[in-house]
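We did not get these values from a lab; they are worked out from the coordinates using the rules stated. From a predicted model like this one, the values you see are computed outputs, not experimental measurements. Glycine gets a Cβ as well: all are built from the backbone with ideal geometry, and neighbour counts include every protein chain shown.
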Amino acid sequence: MSESKAMILGCAGKALTPDEIAFYRDERPWGFILFGRNIGEAGEIRDLVAAMRDSIGQPAAPVFIDQEGGRVQRIRAPIAPNYPAGSALGAIYRSDQDVGVRATWLLSRLHAFDLAKLGITADCLPVLDVPIEGASDVIGARAYGSDPEAVTILGRAAAEGLIAGGVLPVMKHMPGHGRAFVDTHYELPIVDTPLDELRAHDFAPFKALNHLPMGMTAHVVFSAIDPTGPATTSAKVVSEIIRGEIGFDGLLMSDDTSMKALSGDFRQKAEAILAAGVNIVLHCNGVMEEMAEIAAGTGALHGKSLQRAEAALQRLQQPDLTAEADLRAEFGQYFDMVA
C-alpha cells in the first residue's frame, strides 16, 4: 500500500466526482473531512464516507467532522437532533457541577451514536478555548465558559463521551483561541497578552488534557512567543508551547488552510505548516485547484508524524453497550431535543 500524505481533505458535494476519486487515488490523503455542503440523507452520507475510503484503498482512513452543537453542527435534523452549544452546557455546570459534567458527557456520547452510524470516526471537539470579554464571536457560544477550570472539566467529559462511543476527539484550538478579536476565517488575530497570563488562562485546559489523541492549531499570533508567525506556522509555538509547556505528544493538525488568516498560496501554506512541526495539513473547502496546491506542498506521512497518526487511530475503541434510547431520554431531561 502506498504511503499516505500528511493531509486531510474535503470534497465539493454530496458524492465524489470522477476527478475527485482520481485525485485522491493519486495523492493519497491520510483522512477526509465533511462539511454542511456534503450532507445529504443518511444513506448518502454513508455512501460518501465509504467512497472516500475506497478511493485511497484504506478502509480505516479517518473521516472527520465538526459536530459540536449550536451553530457549528454539520449534521442536523432529521438525521441528528439540533443540539445545544457548549455555552449551554457551561450554564448547567455553573448551577450544578455534577449535572453539567453528566450532560456534557451525554451530548458527546449522543454525537458518537449519530456519527458512528454514518462511518464518521473523528469529531473536532472539545473546544477548549477560553474566551475573554470583547473577543470575536468566532468562538463565543461554542466555548463552555470563561473559566479555565470549568472548560477543562467539561472538555474532559466531552472527550470521554466521544471515546466511549467509538469516535476520536480532536481538541481545539491549540494553544488557545479565546483572545482573538477578529475572525480567523477572514483575518489574522494578534494577541499581545503576556506569557504568564496565557499559561494560567489559555494554555491550562490543553495542558490538563494533553493525553488526548489529536489536537488542532489556532491561526493566531501570540506576540509574547513569536511576534510574526501564527501558531499554525510557528515552529516556536509548536515546539516550545504545544509540545513543550503544554506537553501534547498526540497528532497535531492545522486548522483549515482555506481560512484567510494564513498568508501565501496553498502550497506555501502547506509547506510552512509542516516545517513548523505540525503533523497534518487540513484543507476543508473541496476546491480542486487549492487541494492540488496543498498536495504539491505536502509529503508522505512519516517518522514521528506517522507514529502519532497510528497511535491516534489505535485509541479508537468499540462503543460501550449503553442503550441509545436511555441516554437520549436522560439528555432530554436537560434539553428539549426535537429530532
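Structural remarks
- Average Cα contact separation per residue, segment 32-100, under 8 Å, 6 or more apart, as relative contact order %: 27
- For a straight C-alpha distance cut-off of 16 angstrom, the lysines reachable from K304 (same-chain residues fewer than eight places away being disregarded) are K5.
- Loop-located trypsin sites (Lys or Arg not before Pro) in segment 270-333 (DSSP state not H, G, I, E or B) with no more than 15 neighbouring Cβ atoms inside 10 Å: R315.
- Direction-averaged projected area, Cα convex hull, segment 5-331: 14.7 nm², rounded to one decimal.
- Residues A224 and D137, FRET efficiency given R0 of 22 Å [Cβ-Cβ distance, rounded to 0.05]: 0.35
- Choice from H173, H219, H201 with maximal GNM fluctuation in the chain (Cα, 10 Å cutoff): H201
- Restricting segment 67-97 to trypsin sites (Lys or Arg not before Pro) in coil, as DSSP defines it, with at most 13 other Cβ within 10 Å: R71
- Mean separation of Cα contacts under 8 Å (6+ apart) over length of the chain, as relative contact order %: 18
- Farthest toward positive dipole pole in the chain [+1 Lys/Arg, -1 Asp/Glu at C-beta], among T184, S95, G161: G161
- The chain - mean residue ellipticity at 222 nm from DSSP helices (-39,500 (n - 2.57) per run, n ≥ 4, rounded to 500): -11000 deg cm²/dmol
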